[in-house]
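J.: The structure's right below; bear with me while I get my questions together.
The values are calculated or read from the model by the stated rules, or taken from the named source; none is laboratory data. Just so it is clear, the structure is predicted and the values come from calculations on it, not from any experiment. Cβ placement follows ideal geometry from the backbone for every residue including glycine, while neighbour counts extend to all protein chains displayed. Each accessible area value is taken on the protein alone, full model and side chains, heavy atoms only, with ligands, DNA and RNA left out. Shrake-Rupley method; radii C 1.70, N 1.55, O 1.52, S 1.80 Å.
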Amino acid sequence: MANQGPYNYSYIFKYIIIGDMGVGKSCLLHQFTEKKFMADCPHTIGVEFGTRIIEVNGQKIKLQIWDTAGQERFRAVTRSYYRGAAGALMVYDITRRATYNHLSGWLTDARSLTNPNTVIFLIGNKGDLDGQREVTYDEAKRFADENDLLFLETSAKTGDHVEDAFIETARKIYQNIQDGSLDLNAAESGVQPKPSANPRSANGTVGLDGTGQSGDSKCQC
Amino acid sequence: VYPQLKDEMKSLETIMENDSNSKEPKEPRKSKLPWKQRNSIDKPKMIRASDEVIFKVYCADHTYTTMKMRVDTPASRIIRLAADKLGLRTDQPDDLKLCEVKSTGERLLFKESDLSISFGLSLNGRLFLAPGDHLDALVPLPEQEGPQRGTWQKLEMFGSKELAYAITMHDYDLFMAINPHELLYQVFGRYKYGKITSNLDTFMRRFNEIQYWIVTEICLTPSPGKRVQLLRKFIKLASYCKEYRNLNSFFAIVMGLSNIAVSRLSLTWERLPSKIKRMFSEFETLMDPSRNHRVYRSTLTKLTPPIILFMPLLLKDLTFTHEGNKTYLIEGLVNFEKMRMLSHTMRTLKICRSQTLQLQVPQGAKNLSEIQEYVREMNVIDNQRILNQLSNKLEPRQT
C-alpha cells in the first residue's frame, strides 16, 4: 500500500459474490486480491480482507468485495449483503450441474434486492477442470444473454479470467455512471465518490470507508 | 479431492480434543423430527450419531413412509429401505434418488454417502424419493407453505422480556450442544469425514427459524394497529436478546425486521415511537457488514462470556481462511499460519462458551411455561415469494 495512498481513488464500488456452496467464491476473491499482498504475504490471508484498487479509464476505483462463502445455508443473511451492491458476481461450478441449476434462485435474489442498474456478472468457475465439465460454455452463454448478464468462465486455481471478471464488472458500472444511467445520489447505488466528497449518506448504510483506512484489509502476517 | 486432508483432520481433532469442553451424554436418546411439534418440553441435548431419529420420506404423489433410523444412516441405506416400504421399484436399483424439496419448489439432490440428512433440511423442506428422471415432477406439499394465520393474539399475551428469556435459554442449550469438530467438518467438507454435524445443523436452522418467524408474524398480522405493536415488541425483543448476550438471535431478529417484506411496510414503521425507531437503527449499525463486520467484532470483544455468538459469521471466517489458504506449502510442509488462524477463530467459540449461563427469571414473569413451549418450535413461512405477496397485500405498492 506504500506507493498507493489509501485515499488515492475516485470511487468505491461495492461487490457481492454469491452462488452455491463450494463453487469457489472465496478462491476467486483470494485470487483477485492476492496480488496486492504477494510481496509481503505469500502464504496466508486473514479474514480482514476484501478490497483492491483497480484502474478503469484512467480512474482509480476501490473495489470493496463482500464474500458470502460459508453462509449459503443462511440465505437470508446473504440477502442482507445485497443492499447497495453495484456489482454482483454470481458463481457456479462448471463441473457440478446442480450449482448451475440453482442460478435462477440466486438471480431472483440479486434482481429483487439490488437496484436495476446493478451489474450482474455470471462466472462459470473451475474452468481448469474441463474434463469433468457438466455445463457447456454455450449453454451458460445463452442463459447469460437471455438474462442480460455478463459472462466468463474462470479458474480461481490458475487465475484465468479472474481479473477480467472483476474489472469488466467495474468497467460496466463506470460506463453506467458516465452515461448517467446510474444515479450516484440514489441511496443504494452501491457507488461512492471519493470519501472526502461524500460525507455519510443519509441512510447510513453506504458510508463505509470514510475513515481509518489503515485498519482495512490488512494482511495478518 | 484432498486426500491429505484426512490426516490433517485427525491431527486437528487431537488438538481440538484437548480444547473441547463438551460433555457427551452417556445414554443414547431418541431425537424427534426437527419440524415436529414437541409435546413435552425436554431440554435439547447433544445429538449423537447412534441416536435414533424419526422422519418421513415422500413420493411424488405425496404419499409417505415414516422411517426410524440412526442419525448417521447414509442416504444410500435410506433409499433402499424407503423404497421397500414405499413399494417403489425401478428396473435399475441405483436409479432412485433421495432429494430435498424446499417450500420454493427448489430440489436438492443427496449423495449416497450423505449422513444425518433429516437435520440438514431447510426449515420447511421435506425429503422425497423418486427415480432420477422423475425428479422434475416433484412438487412441495401444501403444508410446506407454512401457516396461514399468525399468532399475534398469543404474542400479545407474552412480554418481550419473557420471550427473550425463553428464546435465550433454548438457544443456549442448542449452542452448547454443538461439538466444535462439527464446525471443522462443515468447513473442510462435511462429507469427507463420515461424521454427523446434526448439532451445528440444528443451531443453524434455529437462526433461520427465528428470522422467518419474525417476518411471518408481521406479514400475518392484518390489523395495522396490531402490526405496529408487534413490530415494537420485536424490536424490544431484539434489545433484550442483546442484553442477554444472545447475539445469534439478536441478529436473526434484526435481519428478520430488515427483510424486504417487513422493511417495505413504511406505513407501519412510521407509526413507531421515535425512541423505538432510534433503537432499531442502532441495531442495524451493529449488523453493518462493512469493513468486515467491524462494529460487531469490536462489540463482541467488549462482552463477557457466556455469549451466544453470531454463528453465520464464525462459519464465514473459517470458510474464508480455509478456502483462501493452502493447507500445505512446498514439500508437504503444513501451513501453520493457516492452522493458527483457524484455531484463533475456534477459540472465539470456546471463550464464548467458557461460562455457564445463569439468567434470572424476569420479575413477575407471566405465562412462562407457555412461552417456553412456544419458542421451541415455530411455525413459519420460509418462502420469500409468499412473504412478499402477503406484505404487498398489507400495504399495496404505491404507484
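J.: Compute the distribution of all C-alpha to C-alpha distances in segment A:11-193, in bins of 10 Å from 0, and list the percent of pairs in each, rounded to whole numbers.
T.: 10, 39, 37, 13, 1
J.: On alpha carbon coordinates alone, what is the Rg over Rh value for chain B, Rh being the Kirkwood radius?
T.: For chain B, the value is 0.97.
J.: Computed FRET efficiency, Cβ-Cβ of B:E243 and A:S10, R0 45 Å: what is it to the nearest 0.05?
T.: It comes out at approximately 0.55.
J.: Using a 7 Å offset from Cα along Cα-Cβ at B:E156, what residues in segment B:197-230 end up with backbone N under 17 Å from the label point?
T.: Answer for segment B:197-230: B:217-230.
J.: Taking Cα pairs under 8 Å and at least six residues apart, what relative contact order does chain B come out at, in percent?
T.: It rounds to 19 percent for chain B.
J.: Here is a follow-up. Taking R0 as 22 Å, what's the FRET efficiency between A:K141 and A:I167 from their Cβ-Cβ distance, rounded to 0.05?
T.: Once rounded, the FRET efficiency stands at 0.65.
J.: Let me ask something else about it. So if R0 is 41 Å, what FRET efficiency would A:Q175 and B:L109 give, r being the distance between their Cβ atoms, rounded to the nearest 0.05?
T.: FRET efficiency, A:Q175 to B:L109: 0.55.
J.: In the calculated pair distance distribution of segment B:52-144, what percentage of Cα-Cα distances lie above 24 Å?
T.: 10 percent
J.: Oh, and also: Can you compute the modelled spin-label distance between B:L359 and B:D133, with each label point 7 Å from Cα toward Cβ, in nm?
T.: Inter-label distance under the simple model: 5.5 nm.
J.: Could you state the principal axis extents of the C-alpha atoms in segment B:155-268, from the largest down, to the nearest angstrom?
T.: Cα extents, longest axis first: 52, 26, 18 Å.
J.: Quick check: at a probe of 1.4 Å, how many percent of the accessible area of segment B:236-373 sits on carbon and sulfur atoms?
T.: 52 percent
J.: Further question: What 222 nm value per residue comes from the helices of chain B, counting each DSSP H run with n ≥ 4 as -39,500 (n - 2.57) and dividing by all residues, nearest 500 deg cm²/dmol?
T.: Taken over chain B, the calculation gives -16000 deg cm²/dmol.
J.: Just round it to a whole percent: the fraction of Cα-Cα distances in segment A:67-144 exceeding 19 Å.
T.: Beyond 19 Å sits 38 percent of the P(r) for segment A:67-144.
J.: Output the relative contact order of segment B:52-144, whole-number percent, from Cα pairs under 8 angstrom with separation of 6+ residues.
T.: Value for segment B:52-144: 34 percent.
J.: Let me ask another. Just to confirm my numbers, what's the Cα centroid distance between segment B:221-293 and segment A:86-154 in Å?
T.: 34 Å
J.: Packing-wise, with mean Cβ within 10 Å as the measure, how do A:50-56, A:169-175 rank, highest first?
T.: Sorting A:50-56, A:169-175 by mean packing, highest first, produces A:169-175, A:50-56.
J.: Which of the residue pairs A:K62/B:K302; A:K14/B:K242; B:K111/B:K192; B:K68/B:K102; B:K233/B:K302 have a Cα-Cα distance greater than 20 Å in the structure shown?
T.: Those over the limit are A:K62/B:K302; A:K14/B:K242; B:K68/B:K102; B:K233/B:K302.
J.: For segment A:11-193, calculate the relative contact order in percent as a whole number, restricting contacts to Cα pairs under 8 Å that are 6 or more residues apart.
T.: Averaging sequence separation for qualifying contacts and normalising by length gives 29 percent for segment A:11-193.
J.: On to the next question. With a ≥ b ≥ c the root eigenvalues of the C-alpha gyration tensor of segment B:91-249, is it rounded (a/c under 1.5), prolate (a/b larger than b/c) or oblate?
T.: Oblate, because a/c is 1.5 or more while a/b does not exceed b/c.
J.: How much length is gained on full extension from B:L329 to B:N367, taking 0.36 nm per residue of separation minus their Cα-Cα distance?
T.: Going from the current span to full extension adds 7.8 nm.
J.: Specify the residue with the greatest mean-square fluctuation among B:A166, B:A83, B:A252, computed from a Gaussian network of chain B linking alpha-carbon atoms under 10 Å apart.
T.: Residue with maximal mean-square fluctuation among B:A166, B:A83, B:A252: B:A83.
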